[in-house]
Structure formats: C-alpha cells, structure tokens
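Scroll down for the structure; my scribbles are underneath it.
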Amino acid sequence: MQDIYLRLLEDSDVTDSYLKGFQDESVLTFLEVDGKNLTKQDVINYKNYGIETETYFMYAVCLIENDKHIGNLKIGPINSKHKTADLVTVIWDSSQWGKGLATQAIKLGNKEAFENYGIRKLTGGIAHKNIGSIKAYTKAGWVIEGQLLNHYMIDDKLQDRVVVSCFNPCYFE
C-alpha cells in the first residue's frame, strides 16, 4: 500500500513549518544543511538553481490521505556523462518516522530517476550510526557497496560513511 506521493517542490511548500522541520536537532543530526540559518528565499533559490542548471531536482514527499508535505527528496547532482546521481531523502516531520515512509519515498525516487532522467546508477552516503536511513535504503532495493572509514565528523565524533547504491535494471542484467 502506498501512503505517499512525490511532486516537484514548489515555492509555496516552503512554509514556517517546513523551515521549523529543518531546525529540529534530531532531523539535522545527519544532514549536511545548516537548518538554523535557513530562510525561505535560500530554499527557493536552491530549488530553482537545480532546475535552471538541470543538475538536481527537489521533490516534496506528501501524504496521500491529506496532501500534507512531510519531507523532501532530491535527485542529484546528476552526472549526465555517466548517468549517475545521488538520491537523498529526509522526512522532516518526525511524527511520521518509523512508518516506512522514507522507504516508500526512496522507491518512488528510484522510479522517477530511472524513468524521467535516464539515471543508470543512484548512490548515497549515510553515516553508519544512522541505522534508520540505512534500513530505509536497503529495504527500497539499494545495496551497500562499501564503507569509508572515519569519513564524517558528527557531534565531534568520527563516523564511517556507508556507501549505498541502486542500479537501473534497464542498464544491468
């Protein structure tokens, strides 16, 4: 059963609750964004730059039952030469955690990247203590390709980077 859908992020999605979601310490722990200083214009500019340069695309993760925007998914940066891209997802509405929604978002993101952008291989890097994200990606059909030791510094502690990937079946047998 599908509980969520993806749609391109719109300027009107960047609300006070959106910005508040990115100020939550439990959301920020494993993100590369400085949510504390994030403004509506920053998000809109970032989203638009990706579209203008066709290097990445931002999606809203929304609940089907009420259209509530609960997180984001980003496809990119896209490497057109190699047909590769990162796929990053965050459910910033913590009341929705633990429901398998990130896994659903990743599966939808896989489909979007493969069918609409011709991506051959999706990749991502996850801090090894971010067990929830590792589980979400592997449940969505991704594989662990490797581990980079002491790659991240999170809360003044070193963490390994778990490298995960998903392959477009059109390119692989």
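The values are calculated or read from the model by the stated rules, or taken from the named source; none is laboratory data. If you're wondering where the values come from, they're calculated on a predicted model, not measured in any experiment. We place every Cβ from the backbone using ideal geometry, glycine too, and count neighbours over all the protein chains shown. Please note that ligands, DNA and RNA were not included when accessible areas were found on the heavy atoms of the full protein model with its side chains. Shrake-Rupley method; radii C 1.70, N 1.55, O 1.52, S 1.80 Å.
Looking at segment 45-89, which of the residues that are over 15 Å from the mean Cα position of the chain (by Cα), over 19 Å from GLY118 (Cβ atoms) and of a type in the set (S, T, N, Q) is surrounded by the most Cβ atoms within 10 Å (Cβ to Cβ)?
Of everything passing the filter in segment 45-89, ASN48 is surrounded by the most Cβ atoms within 10 Å (Cβ to Cβ).
Quick one: is ILE144 under 18 Å from the mean Cα position of the chain (by Cα), of a type outside the set (Phe, Trp, Tyr) and either assigned to a helix (DSSP H, G or I) or more than 17 Å from LEU8 (Cα to Cα) (or both)?
Answer is yes for this residue.
State which residue is modelled with the lowest pLDDT when the search covers only segment 91-108 and only residues that are open to solvent by 30 Å² or more (accessible area, probe 1.4 Å) and among the polar types (S, T, N, Q).
SER94
Of a type outside the set (Phe, Trp, Tyr) and either modelled with pLDDT of 95 or more or touching a helix residue (DSSP H, G or I) at 6+ places or on another chain (Cβ under 7 Å) (or both): does that describe SER17? Don't jump to the end; show me each part of the working.
Working: of a type outside the set (Phe, Trp, Tyr): yes; either modelled with pLDDT of 95 or more or touching a helix residue (DSSP H, G or I) at 6+ places or on another chain (Cβ under 7 Å) (or both): no.
In short, no.
With the requirement that a residue be open to solvent by less than 20 Å² (accessible area, probe 1.4 Å) and either modelled with pLDDT under 95 or part of a strand (DSSP E or B) (or both), what does segment 109-130 give you?
LEU122, GLY124, ILE126, ALA127
So that you can scan it fast, the table gives a plain yes or no per residue for (1) touching a strand residue (DSSP E or B) at 6+ places or on another chain (Cβ under 7 Å); (2) among the aromatic types (Phe, Trp, Tyr); (3) over 28 Å from TRP97 (Cα atoms); (4) part of a strand (DSSP E or B):
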site: ASP42; (1), (2), (3), (4): no, no, no, no
site: GLY50; (1), (2), (3), (4): yes, no, no, no
site: ASN72; (1), (2), (3), (4): yes, no, no, yes
site: HIS82; (1), (2), (3), (4): no, no, yes, no
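Consider ILE134 carefully, then state whether it is hydrophobic (A, V, I, L, M, F, W, C), touching a His at 6+ places or on another chain (Cβ under 8 Å) and either closer than 26 Å to LYS81 by Cα or assigned to a helix (DSSP H, G or I) (or both).
When the stated conditions are applied, ILE134 passes them.
With the checklist (1) within 21 Å of ILE131 (Cα to Cα); (2) among the charged types (D, E, K, R); (3) modelled with pLDDT under 95 in hand, flag the one item ASP86 doesn't pass.
Looking at each condition in turn, ASP86 falls short on (3).
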